[in-house]
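Undergrad: First, the structure itself, so that you have it in front of you.
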Amino acid sequence: MQSPTWLLFAFLSAFFAALVAVFGKLGLEKVDSTAATMARAGIMFLFLLLAVILSGKITALDGIQGRAWIFIILAGVAGAVSWLFYFWALRQGPASHVAAIDRLSIIFVVIMAVLFLGEKFDWKHGAGALLMLGGAVLLALA
């Protein structure tokens, strides 16, 4: 049986993602969003480097090889592009609306997980995706 720890981590991820929207919106008040995104990335790099060093996992970087590097690099580029658009949107729009639309990434993940990762899709997935779409639209139009 799979450990339910992933669920706790997912909720913590959602909570801290919410803080990104709030702190980001406050920080962008008189700052260029692209420069702010770069600063955020640098801070994240330093924070994560410290976490890897303190956890003793710095040597685990040696285990990243070939194809894994390609996908890690692609994920990094996709993340950076996402952050740029996210901070551009936050600079111009309400944080709650931007975050609601940003969370539509879940629908894209469901579609791509079915197409590229072979994950299952049934009526519950479809209904959940439609409800999320409806909720995001309602929040964004509020």
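Undergrad: Pairs only if they're at least six apart or on different chains, beta carbon under 6 angstrom, first in region 17-30 and within 12 Å of Val98 (Cβ to Cβ), second modelled with pLDDT of 90 or more and not in a helix (DSSP H, G or I); list them, first residue then second.
TA: Sorted first by the residue in region 17-30, then by its partner, the list stays empty.
Undergrad: Here is a check on your reading of the model: is Leu74 within 15 Å of the chain's Cα centre (by Cα) and either within 21 Å of Arg91 (Cα to Cα) or touching a residue at least 24 places away in the same chain (Cβ under 8 Å) (or both)?
TA: When the stated conditions are applied, Leu74 does not pass them.
Undergrad: Which of (1) within 30 Å of Gly134 (Cβ to Cβ); (2) exposed (fewer than 13 other Cβ atoms within 10 Å of the Cβ); (3) over 16 Å from the mean Cα position of the chain (by Cα) does Ala10 not meet, given it meets every other one?
TA: All conditions are met except number (3).
Undergrad: Inside region 20-47, can you point out the residues that are closer than 15 Å to Val81 by Cα and basic (Lys, Arg)?
TA: Arg40
Undergrad: Of (1) of a type in the set (A, V, I, L, M); (2) modelled with pLDDT of 90 or more; (3) within 28 Å of Phe85 (Cα to Cα), Leu7 satisfies all except one. Which?
TA: Condition (2) is where Leu7 drops out.
The values are calculated or read from the model by the stated rules, or taken from the named source; none is laboratory data. Bear in mind the structure is a predicted one, so any value in this text is a computation, not a measurement. Positions of Cβ are backbone-derived with ideal geometry, glycine not excepted, and every protein chain shown enters the neighbour counts.
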